[in-house]
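All remarks here apply to the structure that follows.
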Protein chains: 2
Amino acid sequence: MSHLPLTRASVEDAHALIQPHIHRTPVLTNTTLSSLASTPQTTDALKGTQWEGQQPANPKFKLFFKCENFQKIGAFKVRGAFHAVIRLIQERGIEEVRKSGVVTHSSGNHAQALALAAKSFQIPAHIVMPKISTPSKIAGTQAQGAIVHFSGSTAQEREAAVAEVIAQTGATLIPPYDHPNIILGQGTMALEIQKEVQELLQGNSELGVHGDVRGIDAVIAPCGGGGMLSGIAVALHDTGVKVFSAEPSFQGGDDARRGVEAGERITTVKTLTIADGLRTPLGEYTWKIISDKSYVKGLYAVTEQNIKDAMKLVLERMKCFVEPSAVVGLATILYNENFRKMVEQEAPEEGWNIGVVFSGGNTTIDAITKMFADVPEETKEREEGVLGSDGKRVAENVAG
Amino acid sequence: MSHLPLTRASVEDAHALIQPHIHRTPVLTNTTLSSLASTPQTTDALKGTQWEGQQPANPKFKLFFKCENFQKIGAFKVRGAFHAVIRLIQERGIEEVRKSGVVTHSSGNHAQALALAAKSFQIPAHIVMPKISTPSKIAGTQAQGAIVHFSGSTAQEREAAVAEVIAQTGATLIPPYDHPNIILGQGTMALEIQKEVQELLQGNSELGVHGDVRGIDAVIAPCGGGGMLSGIAVALHDTGVKVFSAEPSFQGGDDARRGVEAGERITTVKTLTIADGLRTPLGEYTWKIISDKSYVKGLYAVTEQNIKDAMKLVLERMKCFVEPSAVVGLATILYNENFRKMVEQEAPEEGWNIGVVFSGGNTTIDAITKMFADVPEETKEREEGVLGSDGKRVAENVAG
């Protein structure tokens, strides 16, 4: 596949192409969560963390949640998949693509996204999945009309299976993140965030906007392979809107952050973080963008407990069903003191309007049950901490 | 408190009064769930039910979900509470009401709603709660600025505690459902459903509207004490929009349905249904409306398993966090063959556009974990059943 230059103009072109095929997902606000983010953590909450004994930061935020959990197939991945497929059709012609098809190796959201995009254009989609995938996942992919090929579980075995499919069918590989057309497709959500926040701020004086509408100041997004984060960074480059990365720190899952700190891309990650969409290292294209400070201003990481705490808040207070990977941005805003101190210093007095990307909602009640089963009682009480009328973080049972 | 007549015009007046204080909650659609509702159940699924051996019905639906789980305090109850408080202020004057306050006995959503409404007008709110309420619920009510009074757990003990508060403070009792001002307040959501569905149908040709926009044909809502259902029925009376009731059948929780069938109000209900907001019998006002066929066209009930199945679909497919009481309407549409056969007979070929009220989202991950912990494996597989590309209900992992 050829591709367009990695610029905002290309993201705008991508948006025009994919718009008929995707949902324009809502941007939601939540008074409780914005207040909580704008309230210092207690010194108790910092005990046992790297910030123990420090004065908790006091940043101000208005949070704008981009709900890609409401996107088709339940995740942002359809943006890149539709864009890549449409570009392929433009390049080769629909007949040729229908003859040869597309292929990817994934058992996750990208596979579902590619299957849907292919089905929309009556193109065969070959999905290579490990033999050990859960039956419901295999059935789900087949129900989307995709042709499932089984492989072993290692990266080598999966790549060999893909090579075989290509040899047999001539299918084109649509990679999950490290391709400019994928990056440009994912970046389209940044255009929607800017527009939707603008609309919300203009239409709603309750949000405390005075005089000119300032719009969005920053966006924070989860980073796994980095396709979405790079796309957002490309879309917002030179617009004055700052872009930040959020990752899980568990077992070195913050490979992008560590790589940027060390000045060298980390190419292998082995983490079993609950944020299972973010277990992947950066690719070549995504590294180039994400390691450039003029694109991504800062990279932050959060703990597994931070992710669970944030997830509980999003489910119970916002009433939004999200997957763990989706909340690492919110977790950073709420619990990462480095990020909070930076915002306290850099933001104007009224704080930042920040876009927070909820990347997807593809989890199950079963998975959530398991995730929260081993939380000790003490932590549970802390999890319930929300802002009280006295301005401290206390228990409360109130939405938006 | 005096009150207006129970008419659509009164609901419109109520709406004008409360609109500045409540969220206009969204109406959401979901392709997967509308398709599932428009697909016959399998004969296997009917085994062990009262419909075993019968031909499954084949109705057509477009579902429009009114998401009161996104409402302030996470439930529709703020509508009635704000309306009752504003009417009280109009009648007595704000100074008088600020002196004496308002009172209710509830540990649930109505208490939270009344506390919020009272706080908005700097009125003291007295909430009588059983001593055995969970600490987080007590703290939550206090964090809303309410004055919590403790009582024993029986209805008599709670009423005695309320009488004492009234004797001491002169506070006005705001009952949770059986009062015209509460009923009129809850009914306001029906006006929004009509308007929002109209907007959706006009703006979206994908929904398959041809020629004139027909709008909504019916609304189905959960029925506990019946405040919300009566309000909706009053708002839609003589408009041509049919109103239906949904209840849990467990341990006689379908008291409204049974009462209407027998021609006499059932005044005591003892059920531990997971739909814990619907454990209440009808009151005098709500019975009068709900037992009148010109207001509520039919009453239906669903099993605990139906509720769990529907809840799983709403969380995992729609990505909406709802409480069990909220999904009895959807459960009726998906699983109650009496309802489905009736729609198959009564609806035009293209089916019904039906408003489905999600009444609230106030549950916790803990509660959901407990609820799904005892589901046998076999049932789980059935729960995962969703519409496949072959038109049968099979496993799939795709959001709207």
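The values are calculated or read from the model by the stated rules, or taken from the named source; none is laboratory data. Fair warning: this is a prediction, and the values are worked out from it, not measured in the lab. Cβ: placed from backbone, ideal geometry, glycine included. Neighbour counts: every protein chain shown. These area figures cover heavy atoms from the full protein model, side chains too; ligands, DNA and RNA do not enter into them. Shrake-Rupley method; radii C 1.70, N 1.55, O 1.52, S 1.80 Å.
How far is A:GLN168 from itself in the other copies, in nm, if each label sits 7 Å out from Cα along the Cα-Cβ line, shortest first?
Once sorted, the set of distances for A:GLN168 reads 7.8 nm.
For peptide B:360-371, what's the mean number of Cβ atoms from other chains within 10 Å of each residue's Cβ?
Values: counts 2, 7, 5, 3, 8, 13, 8, 1, 6, 8, 1, 2.
Neighbouring Cβ atoms belonging to other protein chains average 5 per residue here.
Treating the Cα atoms of the stretch B:77-181 as identical point scatterers in vacuum, please give the log10 of the normalised Debye intensity I(q)/I(0) at q = 0.11, 0.12, 0.24 Å⁻¹, two decimals.
-0.28, -0.34, -1.37
Taking the Cα centre of each part, how many Å lie between the stretch B:162-177 and the stretch B:34-73?
Using only Cα atoms, the two centres lie 42 Å from each other.
Over all residues in A:74-81, what is the mean tally of Cβ atoms on other chains that come within 10 Å of each residue's Cβ?
Values: counts 8, 1, 0, 0, 0, 0, 0, 0.
That average works out to 1.
Between B:GLU261 and A:SER35, what is the label-to-label distance in nm when each label sits 7 Å out along the Cα-to-Cβ direction?
4.6 nm
Using the Cα atoms as the points, what is the convex hull volume per residue of the protein assembly as shown in Å³?
On the way: hull volume 133.0 nm³, N = 800.
It is 166 Å³ per residue.
Are there DSSP H segments in chain B that both extend 27 Å or more along their axis (alpha-carbon positions) and score a mean Kyte-Doolittle hydropathy of at least -1.0? List them, or say none. Don't skip to the end; give the middle numbers.
Numbers: long enough: B:180-203 (35 Å, 0.05).
Helices passing the filter in chain B: B:180-203.
Between B:PHE150 and A:SER153, what FRET efficiency follows from the Cβ-Cβ distance if R0 is 35 Å, with the result rounded to 0.05?
Once the sixth-power term is evaluated, E becomes 0.05.
Per 0.36 nm of contour for each residue apart, how much would the distance between A:THR42 and A:ILE94 grow if the chain were fully extended, relative to their Cα-Cα spacing? The partial results should precede the final answer.
Numbers: separation 52, 0.36 × 52 = 18.72 nm, distance 5.89 nm.
Net length gain for the segment: 12.8 nm.
Among A:SER153, A:SER325, A:SER291, what's the order by accessible area (1.4 angstrom probe), most exposed first? Let's see the in-between values first.
Details: A:SER153 65, A:SER325 5, A:SER291 45 Å².
Result of the area sort, largest leading: A:SER153, A:SER291, A:SER325.
Provide the net charge surrounding B:TRP352, with neighbours chosen by a C-beta distance below 14 Å and charges set as Lys +1, Arg +1, Asp -1, Glu -1. Kindly include the intermediate steps, with their values, before the conclusion.
Working: positive: B:LYS60, B:LYS62, B:ARG214, B:LYS242, B:LYS297, B:ARG340, B:LYS341; negative: B:ASP217, B:GLU344, B:GLU346, B:GLU349, B:GLU350.
It works out to a net charge of +2.
Where does the stretch A:1-83 land on the Kirkwood hydrodynamic radius, alpha-carbon pairs, in angstrom? If you can, show how the numbers build up before the last one.
Values: mean 1/r = 0.0610 Å⁻¹.
So the Kirkwood estimate lands at 16.4 Å.
Quick one: how many Å² of B:TYR335 are accessible to a 1.4 Å probe, rounded to 10?
Result for B:TYR335: roughly 30 Å² accessible.
Tell me the distances, shortest first, between A:PRO5 and the same position across the other copies, using label points 7 Å along Cα→Cβ, in nm to one decimal.
7.1
What are the equivalent ellipsoid semi-axes of the stretch B:139-294, built from the alpha-carbon gyration tensor (square roots of five times its eigenvalues), in whole angstrom, biggest first?
Value: 34, 20, 15 Å, ordered largest first.
At B:GLY240, label 7 Å along Cα→Cβ: distances to the other copies, nm, ascending?
Label-point separations across copies, in nm and ascending: 5.2.
Mind checking B:312-321 for the average number of partner chain beta-carbons within 10 Å of each residue's beta-carbon?
Numbers: counts 3, 0, 1, 7, 10, 3, 5, 17, 6, 10.
Per residue, the average neighbour count from other chains is 6.
Between B:ALA160 and B:GLN251, what FRET efficiency comes out of the Förster formula 1/(1 + (r/R0)^6) with R0 = 25 Å and r the beta carbon distance, rounded to 0.05? Before the final figure, lay out each step's value.
Values: r = 27 Å, r/R0 = 1.08.
The calculated FRET efficiency here is 0.40.
Ranking request for peptides A:248-258, A:233-243: highest mean number of other beta-carbon atoms within 10 Å first, then the rest in descending order. Could the numbers behind the result be given before it?
On the way: A:248-258: 22.6, A:233-243: 20.6.
Packing order, densest peptide first, comes out as A:248-258, A:233-243.
If each Cα of chain A is one equal point scatterer, what is log10 of I(q)/I(0) from the Debye formula at q = 0.06, 0.08, 0.14 Å⁻¹?
Evaluating at q = 0.06, 0.08, 0.14 Å⁻¹ gives log10 I(q)/I(0) of -0.23, -0.41, -1.24.
Could you put A:HIS179, A:HIS83 in order of accessible surface area, largest first, with the 1.4 Å probe and the full protein assembly present?
Details: A:HIS179 25, A:HIS83 0 Å².
Sorted descending by solvent-accessible area, the residues read A:HIS179, A:HIS83.
In the neighborhood of A:GLY108, defined by Cβ-to-Cβ distances under 11 Å, what is the net charge if each Lys or Arg adds +1 and each Asp or Glu adds -1? Numbers along the way, then the final one.
Values: positive: A:LYS77, A:LYS137, A:ARG279; negative: A:ASP276, A:GLU323.
Residues near A:GLY108 contribute +1 overall.
For chain A, what does the helix formula give at 222 nm: sum of -39500 (n - 2.57) over DSSP H segments with n ≥ 4, over the residue count, nearest 500 deg cm²/dmol? Show your work: numbers first, answer last.
Numbers: 16 runs with 173 residues, N = 400.
That calculation yields -13000 deg cm²/dmol at 222 nm.
Shape call for the stretch A:222-354 from the C-alpha gyration tensor, a ≥ b ≥ c root eigenvalues: rounded (a/c under 1.5), prolate (a/b greater than b/c) or oblate? Intermediate values should be presented prior to the final figure.
Numbers: a/c = 1.63, a/b = 1.06, b/c = 1.54.
Since a/c reaches 1.5 but b/c is at least a/b, the shape of the stretch A:222-354 is classed as oblate.
Counting Lys +1, Arg +1, Asp -1, Glu -1, what net charge surrounds B:GLN54 among other residues with beta carbon under 15 Å of its beta carbon?
On the way: positive: B:LYS47, B:ARG340, B:LYS341; negative: B:ASP44, B:GLU52, B:GLU337, B:GLU344.
Once positives and negatives cancel, what remains is -1.
What distance in nm separates the two pseudo spin-label positions at A:GLN198 and B:ILE132, each 7 Å out from Cα along the beta-carbon direction?
5.8 nm
May I ask for the distance between the Cα centers of the stretch B:228-255 and the stretch B:79-125, given as a whole number of Å?
26 Å
Sort A:159-166, A:353-360, B:96-103 for me by packing, meaning the mean count of neighbouring Cβ atoms within 10 Å per residue, highest on top. Numbers along the way, then the final one.
Working: A:159-166: 16.9, A:353-360: 28.4, B:96-103: 19.2.
The peptides rank, most packed first, as A:353-360, B:96-103, A:159-166.
What lysines sit close enough to B:LYS288 to cross-link, taking a C-alpha to C-alpha distance under 20 Å and skipping anything fewer than 8 places away on the same chain?
B:LYS242, B:LYS297
Can you give the three extents of the C-alpha atoms in the stretch A:62-123 along their principal axes, from longest to shortest, in whole Å?
Ordered largest first, the stretch A:62-123 gives principal extents of 48, 24, 16 Å.
With labels modelled as points extended 7 Å from the Cα through the Cβ direction, what inter-label distance (nm, one decimal) is found for A:LYS293 paired with B:ALA367?
It works out to 4.9 nm between the two label points.
Would the stretch A:310-377 count as rounded, prolate or oblate if I go by the C-alpha gyration tensor, calling it rounded below 1.5 in a/c and otherwise prolate when a/b exceeds b/c, oblate otherwise? Numbers along the way, then the final one.
Working: a/c = 2.92, a/b = 1.99, b/c = 1.47.
Prolate, because a/c is 1.5 or more and a/b exceeds b/c.
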